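The values are calculated or read from the model by the stated rules, or taken from the named source; none is laboratory data. Just so it is clear, the model here is predicted, and its values are computed rather than measured. Note: ideal-geometry Cβ built from the backbone for every residue, glycine included; neighbour counts use all protein chains shown. SASA here: full protein model, heavy atoms, side chains in, ligands and nucleic acids out. Shrake-Rupley method; radii C 1.70, N 1.55, O 1.52, S 1.80 Å.
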Amino acid sequence: MTPWSRSLLRAFGRDCCGSAGIELALGSVALLAIALACFDLYSLVRVNSGSARSAVVMADYVSREAAPDGDQMAALGKFLRQTEFGAPSDLVYVVTAVQRPTDDGPAVVLWADNAIRLGDPTAVQALAGRCAQRAASGWRATLLGPPEASGLHKGEVAIVAEVCARPSREGLLSSRLVAGDLYGMHILPMRDPDQIPSSPVRSTSSAPAGSAAGNPTA
C-alpha cells in the first residue's frame, strides 16, 4: 500500500460519513449472521418437536395392531414427515417390539424394523447407524437390562418407536448443521395385554435392501 493510499484511508476513517459506512457494513454482517443462526435454530426446534410427535403417533399405531402393515407404516411415516417437520429432513423410523417372557428373566426383542427411511440414501444409512448406537445406550440399556429396572411384567409387550432426524442442507440457510442428530422416542404397551404383534409385513418393492424388518435383535 502506497503512502498516498494509506493517507486516503486514514482520512476516510476520520470522516464522519466514512465511519458511519464502516459501522454500517460491520453491523450488517453481524445482523445477517444472527438472522441465519435464528432461522436455522427455528428449523432445528421444528424438526426436534416433529421427531417427538412422530414417535408418539407411530408407537400408538403399532401398539394397536396384532399384524402391523409395513406399507401403512411407511405411508404414515411419509405423512408425518410432510405435516410435522418444518424443514426438509432425512428421517429413519425404528420400531421395536419388546417382551419380558418370565418374571425373573430379562426382556427380549421380538423384532425390530428400520425399513422406513426417507431422504438421501447415503445420509439415512449413516443416520440409521447412529440411531442404533443411541438406542443401545438409551432404552435398550433399561428395558433389556435387569428385570427390576425394565418396568415390564411377565408376558407384557411394549412397542418402542424411535425417529432419528437430521435437517438436510435444503432445510438450513447456512447449509451446515452445527447440532447433532435429532431424536424422538416413545414407548407404549400393546393395547391388548395378551396380544403379541407379528413383525411388519410389506410388499417386496417397498422394503429396502438390508432392512432389519422381522429380524429379532438381542
Notebook entry, point to check: With every protein chain left in place, what is the accessible area per residue of the stretch 55-173 in square angstrom, probe 1.4 Å?
Noted result: 43 Å²
Item checked: For Arg130, net neighbour charge (Lys/Arg +1, Asp/Glu -1) across residues whose Cβ lies under 10 Å away -> +1
Margin query: What distance in nm lies between label points placed 7 Å from Cα along the C-beta direction at Arg130 and Val56?
Written below: 2.5 nm
Checklist line | Residue-count net charge about Phe85 - beta-carbon cut-off 10 Å; Lys, Arg +1, Asp, Glu -1 | finding: +2
Next item on the list: Could you sort 191-201, 108-118 so that the peptide with the highest average Cβ count within 10 Å comes first and the rest follow in order?
Entry: 108-118, 191-201
Item checked: Approximate spin-label separation Thr83-Asp104, in nm, with each point projected 7 Å along Cα-to-Cβ -> 4.9 nm
Notebook entry, point to check: Where Lys and Arg each count +1 and Asp and Glu each count -1, what net charge lies around Gly105 among other residues with Cβ under 15 Å from its Cβ?
Noted result: -2
Notebook entry, point to check: Extension gain Ala141-Gln195, at 0.36 nm per residue separation less the Cα-Cα distance, in nm?
Noted result: 17.0 nm
